Amino acid sequence: MRITTRVNGTEQEVDDVWAGESLLYVLRERMGLPGSKNACEQGECGSCTVYLDGEPVCSCLVAAGQAIGREVTTVEGLADGERLHPVQEAFVECGAVQCGFCTPGLVVAAHDLLARVPSPSDPEIREALAGNLCRCTGYEKILDAVRLAAERQAQA
Amino acid sequence: MSTDTGTATTTTTTTTVPPGRIGDSPLRPDGTLKVTGEFAYASDLWHDEMAWGVTLRSPHPHARIRGIDITEALTVPGVWAVLTADDVPGENAFGLEHADQPVLASEFVRYEGEPVALVAADHPETARRAAKRIRVDYEVLPAVTDARRAMDPDAPAVHRPGNLVRHLRLRRGEENPTAPVVVSLDFEVGMQDQAFLGPESGLAVPAEDGGIDLYVATQWLHVDQRQICLALGMPAEKVRLTLSGVGGAFGGREDLSVHVHACLLALRTGKPVKMSYGREESFYGHVHRHPATMTYEFGAERDGTLVYAKAYVLLDGGAYASSTNAVVGNAGTLGLGPYRFPSVAVDAYGVFTNNPPCGAMRGFGCVQAAFAHEALMDELADTVGVDRVAIRQLNGMREGDLNITGQVIDSAAPVGELLQIVADFPLPPERGEGADPRSLPGAVNNTTHGEGVVRGIGYAVTYKNVGFSEGFDDYSTARVRLEMTGGEAVATVHTAAAEVGQGLITVEQQICRTELGVERVVVHPKDTAVGSGGSTSASRQTYVTGGAVKAACEAVRAAVLERAALALARPAADLRLDGEKIVGSSGEVLTGLAEVLGDDAVEETVEYRHRPTHAIDPETGQGDAHVQFAFSAHRAVVDVDVELGLVKVVALDTAQDVGKAINPDAVVGQIQGGSAQGMGLALMEEIVVTDGHVRNPSFTDYLIPTILDMPPMRIEVLEYADPHAPYGVRGVGEPPTISSGPAVAAAVRAAVGKPLRRVPIRPEHITGT
Ligand code: FES
Ligand code: FES
């Protein structure tokens with residue numbers, strides 16, 4: 001199967017994709033975009049979260065074929081060149097990153113939350129990020145990071 | 001330093017620490033790569049022409065292999081190699097303490113999930129399909145899946161000569177002590193998984209010299225190298241390891257996983273081979289925390305002063321030894337908690353069964369025991385009518401006390417103070433009318449609006465050994481190099497100590513900046529081109545590798561001053577390195593580092609050892625087994641929906657002595673993450689094993705805390721320097737995982753009013769249905 005899709009604004013075309021491959025696999029192993037992570041590949045951890053036509057999805061649950069002709073944005077597409085997106089910047093500054101394996105998915109999920117709800121309350125943050133597992137941080141500094149990013153976005 | 005994230009603020013006592021030095025919290029050097037997705041984890045590795053390796057595993061907990069037929073698998077198009085035990089060129093054995101585990105099972109399989117054969121193919125799915133076509137002829141054997149049963153002399157032996165891995169016998173004080181108050185309990189702890197998010201992965205690349213280069217996620221490169229060499233029959237210089245990005249570890253990467261398998265496939269095919277487990281395979285692919293069965297008895301005076309303790313601890317080690325020996329060592333020598341006992345009798349056992357192998361996980365033997373001793377401490381408090389905090393303070397260890405192995409606690413032991421801090425923290429507000437359902441038990445499931453919800457408070461305190469114990473030669477190596485690059489002094493630090501997310505690389509930079517006065521510190525990739533850094537476990541790296549980096553910097557500094565002394569014709573003892581200047585005894589600038597170094601680099605490699613520990617007496621368990629102790633206390637507040645059995649942890653507050661916070665923000669991060677794992681064991685985390693079969697190898701059925709489960713935490717960090725340790729540091733990573741769970745369990749008991757002698761506490765335990 002041939003897959004053509006726009007990823008982070010660039011047209012991507014890959015051949016010989018086996019019908020059972022997920023969007024996550026194709027991004028990671030065929031398009032050279034391993035930023036989205038593969039912590040469970042069962043739709044339970046959120047580490048593979050990407051935007052598909054603007055909607056955050058677990059890319060491990062999306063068959064590669066479903067992405068044909070659609071627009072994908074991954075964690076690799078959030079920064080503006082060398083300039084980190086405020087969510088990314090806040091994750092680094094707040095110490096919300098330890099091993100970082102959960103980070104790409106959390107950054108995309110937090111990015112989505114702040115696009116929808118510019119000043120989320122703590123319960124809103126918790127609810128929005130409940131599908132993203134992190135084993136290292138205990139989530140406190142992740143909350144700090146989302147609060148900081150929201151604050152900065154409000155100021156900007 | 002105190003952190004109060006309950007109100008969304010973080011406050012750190014203002015200090016005058018120069019930026020980037022020890023005591024400051026500079027940003028981690030890999031942070032940007034990790035938020036942009038560019039950081040290369042082991043599962044991201046890629047090589048032109050690489051093949052994918054997969055493992056065929058045993059479906060049986062115990063069976064004899066009568067034969068393996070690989071012919072059909074080999075005919076699958078795209079398959080490069082199919083390997084079995086016959087293809088292991090060296091010794092078909094590995095293991096951390098004893099090489100008792102086959103690389104690929106030959107005669108027997110001893111647990112469900114044991115590796116039997118390997119396939120390399122050009123696509124992972126091709127390899128998986130080919131693996132399904134390997135025919136293994138098993139003769140299923142009776143399995144021992146109960147640790148108590150494994151102790152019976154007539155139980156089937158998992159290994160010869162028998163199922164006992166270790167019996168630690170500890171006796172101290174009176175032989176038959178009596179006391180006016182006696183309390184006792186039985187307690188059970190289920191099997192916890194490390195559940196690191198980055199799956200086991202590695203890439204093996206065959207080299208031109210006939211050797212192999214392995215890029216892998218691990219906790220200790222050199223112990224891996226030793227085991228791989230044995231299995232491949234190759235000398236160390238032909239087996240070179242480089243650490244790739246590690247997605248968490250928590251003990252689960254101490255034992256080998258893909259390591260030898262990927263090397264075997266790469267050497268056979270002549271191609272780079274990548275192996276990467278899925279989540280289900282990961283549950284089979286690493287050891288877990290030992291399930292424990294415990295019986296504890298405390299004798300005390302009527303005022304609550306402890307007189308004696310008796311403890312029986314049985315740990316299910318599963319099918320192979322892994323680190324069971326050392327885990328029993330901890331459960332035995334530390335398993336009564338940070339209290340003073342005049343008389344003690346402890347028997348701790350580790351046994352083989354046909355269950356999944358168990359080994360290292362954060363807290364290492366202390367976690368299980370803490371649930372029992374803390375539950376019994378509450379029982380004693382209630383029996384004698386003393387407050388639960390006060391009874392711990394009454395019996396808590398102090399500096400200068402002897403612990404139960406007769407070892408002097410020769411630095412701070414602030415048990416009473418830590419408990420007082422958590423007891424004095426403000427309590428979370430009472431649940432008001434119309435509380436947000438997301439803050440109640442059941443959370444977004446909206447199962448209650450407050451009816452049937454009862455609040456409970458629980459306390460726990462612990463102490464944990466730091467570093468390897470019982471006489472182990474526990475050293476680390478650091479190479480530090482100083483040179484001028486583009487007019488700027490640059491230090492390069494090279495250790496083999498694994499960064500697994502905890503922040504060791506930041507700490508290494510901070511130490512170099514502090515010792516050498518440079519701003520730019522390059523962290524060399526972690527590999528086996530430098531001596532061993534020891535294991536990233538036992539909360540030891542900041543202490544031991546930190547100590548090595550400090551010592552290497554000191555050697556570099558001394559060498560620089562020697563060179564300066566020669567050039568200046570002055571004794572080196574009169575000179576100091578101050579930033580990029582060489583100054584004399586009254587601070588006058590004599591020359592610059594650039595002049596002294598010229599185009600040369602000064603490089604020193606140093607091995608650092610902490611003070612020796614000693615084996616314990618085999619009859620009495622007495623001896624100076626440990627190098628350092630770290631203390632922490634937790635207070636948990638929970639709301640329990642007693643009708644549905646659902647628990648919401650409302651607050652989880654803690655105080656911990658870290659000796660010296662090299663990086664205060666990273667210390668807090670360790671405490672938060674460690675506390676979450678302890679809470680997980682108390683309330684939800686268990687690998688369910690029935691008849692030797694794992695029933696829940698997925699994140700759908702093995703639950704770890706989410707952001708909805710974690711409450712805000714108040715954290716107070718004490719810094720009572722340990723005079724024996726570099727900078728006074730005390731290990732940080734493990735204590736929070738030990739004291740948080742028992743505090744949560746105590747809070748649930750307080751709310752529910754039931755004994756609840758098993759963790760994780762499940763809804764049906766609370767409701768009694
Ligand atoms: S990898 Fe997709 S949800 Fe876990
Ligand atoms: S930082 Fe390791 S899983 Fe989140």
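The values are calculated or read from the model by the stated rules, or taken from the named source; none is laboratory data. As the structure is a prediction and not an experimental result, all values here were calculated from the model. Every residue, glycine as well, gets a Cβ built from its backbone with ideal geometry; the counts of neighbours run over all protein chains shown.
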Practice task
Determine whether residue A:65 is outside the structural domain of residue A:131 (by TED's automatic domain parsing), assigned to a helix (DSSP H, G or I) and away from ligand 1 (no atom under 16 Å from the Cβ).
Solution key: yes
Problem - Residues located in the range B:358-401, provided they are of a type in the set (Asp, Glu) and closer than 18 Å to residue B:348 by Cβ - result: B:374
Completion exercise
In the set B:530, B:523, B:480, the lone residue that is more than 16 Å from ligand 1 (Cβ to nearest atom), out of contact with any helix residue (DSSP H, G or I) (no Cβ under 9 Å at 6 or more places or on another chain) and within 29 Å of residue B:239 (Cβ to Cβ) is B:530
Practice task
Name every residue in the range B:118-176 that is farther than 30 Å from residue B:186 by Cα, touching a residue at least 24 places away in the same chain (Cβ under 8 Å) and assigned to a loop (DSSP other than H, G, I, E, B), in order of residue number.
Solution key: B:122, B:123, B:133, B:134, B:141
Completion exercise
With criteria (1) more than 13 Å from chain A (Cβ to nearest Cβ); (2) part of a loop (DSSP other than H, G, I, E, B); (3) over 27 Å from the mean Cα position of the chain (by Cα), residue B:47 comes up short on (1)
Handout entry: Filter result for the condition that a residue is within 7 Å of chain B (Cβ to nearest Cβ) and either of a type outside the set (Val, Ile, Thr) or touching a residue at least 40 places away in the same chain (Cβ under 8 Å) (or both), over A:100, A:77
Key = A:100
Handout entry: Odd one out for residue B:443 among (1) at pLDDT below 95; (2) of a type in the set (A, V, I, L, M); (3) in contact with a Gly (Cβ under 6 Å, 6 or more places away or on another chain)
Key = (3)
Practice task
Could you pull out every one of the strands (runs of 3 or more DSSP E) wholly within the range B:568-661 that has 1 or more residues that are within 30 Å of residue B:681 (Cα to Cα)?
Solution key: B:628-641, B:646-657
Handout entry: Selection from the range A:1-39 of residues that are within 16 Å of ligand 2 (Cβ to nearest atom) and either touching a residue at least 40 places away in the same chain (Cβ under 8 Å) or in contact with a Gly (Cβ under 7 Å, 6 or more places away or on another chain) (or both)
Key = A:35, A:36, A:37, A:39
Problem - Any chance residue B:462 is modelled with pLDDT of 95 or more and assigned by TED's automatic domain parsing to the domain that holds residue B:391 - result: yes
Practice task
Being out of contact with any Cys (no Cβ under 8 Å at 6 or more places or on another chain), of a type in the set (Gly, Ala, Ser) and at pLDDT below 95 narrows it down to one of B:728, B:768, B:733, so name that one.
Solution key: B:768
Completion exercise
The condition from (1) touching a His at 6+ places or on another chain (Cβ under 8 Å); (2) without any contact (Cβ under 8 Å) to a residue 60 or more places away in the chain; (3) assigned by TED's automatic domain parsing to the domain that holds residue B:737 that residue B:450 misses is numbered (1)
Exercise for the section: Can you work out which of the residues in the range B:663-698 that are among the polar types (S, T, N, Q) and within 14 Å of chain A (Cβ to nearest Cβ) is farthest from ligand 1 (Cβ to nearest atom)? Expected result: B:663
Exercise for the section: Take the residues in the range A:44-57 that are buried (at least 17 other Cβ atoms within 10 Å of the Cβ) and away from ligand 2 (no atom under 16 Å from the Cβ), then tell me which one is farthest from the chain's Cα centre (by Cα). Expected result: A:52
Exercise for the section: Taking residue B:687 as meeting all but one of (1) over 25 Å from residue B:499 (Cβ atoms); (2) under 20 Å from the mean Cα position of the chain (by Cα); (3) of a type in the set (A, V, I, L, M, F, W, C); (4) buried (at least 24 other Cβ atoms within 10 Å of the Cβ), write down the number of the exception. Expected result: (4)
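Residue by residue, here is whether (1) on the phi > 0 side of the Ramachandran plot; (2) among the charged types (D, E, K, R); (3) part of a loop (DSSP other than H, G, I, E, B) holds:
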{"site": "A:17", "(1), (2), (3)": "no, no, yes"}
{"site": "A:28", "(1), (2), (3)": "no, yes, no"}
{"site": "A:44", "(1), (2), (3)": "no, yes, yes"}
{"site": "A:56", "(1), (2), (3)": "no, no, no"}
Practice task
Read through the list (1) away from ligand 1 (no atom under 13 Å from the Cβ); (2) within 12 Å of chain B (Cβ to nearest Cβ), then give the number of the only condition that residue A:45 fails.
Solution key: (1)
Fill in the blank from the handout: Given the conditions (1) surrounded by fewer than 24 Cβ atoms within 10 Å (Cβ to Cβ); (2) within 12 Å of ligand 2 (Cβ to nearest atom), every one holds for residue A:98 apart from (1)
Practice task
Hand me the list of helices (runs of 4 or more DSSP H) wholly inside the range B:198-287 holding 1 or more residues that are within 12 Å of chain A (Cβ to nearest Cβ) and within 16 Å of ligand 2 (Cβ to nearest atom).
Solution key: B:279-285
Completion exercise
Sole miss for residue B:119 among (1) away from chain A (no Cβ under 11 Å); (2) surrounded by fewer than 19 Cβ atoms within 10 Å (Cβ to Cβ) is condition (2)
Exercise for the section: May I ask you to list the residues in the range A:118-130 that are within 16 Å of ligand 1 (Cβ to nearest atom) and surrounded by 19 or more Cβ atoms within 10 Å (Cβ to Cβ)? Expected result: A:128, A:129
Exercise for the section: For the range A:14-22, indicate whether the set of residues that are within 13 Å of ligand 1 (Cβ to nearest atom), farther than 19 Å from residue B:38 by Cα and more than 10 Å from every other protein chain (Cβ to nearest Cβ) is non-empty. Expected result: yes
Handout entry: Selection from the range A:107-141 of residues that are in a helix (DSSP H, G or I), out of contact with any Gly (no Cβ under 7 Å at 6 or more places or on another chain) and at the interface with chain B (Cβ under 7 Å from one of its Cβ atoms)
Key = A:107, A:123, A:126, A:127, A:140
Exercise for the section: Could you please give the count of residues in the range A:131-149 that are closer than 21 Å to residue A:73 by Cα and surrounded by fewer than 22 Cβ atoms within 10 Å (Cβ to Cβ)? Expected result: 1
